[in-house]
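The values are calculated or read from the model by the stated rules, or taken from the named source; none is laboratory data. Computed from a predicted model, the values in this text were never measured in an experiment. Neighbour counts are summed over all protein chains in view; Cβ atoms, including those assigned to glycine, are modelled from backbone coordinates with ideal geometry. Calculation scope for accessible area: heavy atoms of the full protein, side chains included, ligands and nucleic acids excluded. Shrake-Rupley method; radii C 1.70, N 1.55, O 1.52, S 1.80 Å.
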Amino acid sequence: SDGNTNNSNNNPSTTATTQQQQQRRQRQRQYQRQQQQQQQQQQQEHDDDFYVRYYVGHKGRFGHEFMEFELSPCGKLRYANNSNYKSDAMIRRQVCVSPAVVDEIRR
């Protein structure tokens, strides 16, 4: 060997370049995390705006009869059915549905 071996581990300019690359990658990862957090926050705000209510009814011979469905973003589904036919009482039910169901209805 003639003593001209180039060892990149001892070269100060190579070390500085490696440190700059690491800092750049770290900044990129931090920027990507911030972007993901902003997107998640926007999606959460968008999700909170979701609300569905379906109502159908009429006033007739048996009074005010109606059926109603209501779905909130947290997955709470409420149902009400009012009919005075044969002196029936109002029927009310409430269930929780999965996020997949909420997403499908939103779609």
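Taking 0.36 nm per residue of separation and subtracting the Cα-Cα distance, full extension of the segment from Gln22 to Gln94 would add 20.5 nm.
In segment 54-107, Rg over Rh equals 1.11, where Rg is the alpha-carbon radius of gyration and Rh the Kirkwood radius from pairwise Cα distances. Accessible surface calculations at 1.4 Å, restricted to protein heavy atoms, place segment 59-107 at 75 Å² per residue. Modelled spin labels at Arg53 and Gln37, positioned 7 Å past Cα toward Cβ, are 3.7 nm from each other.
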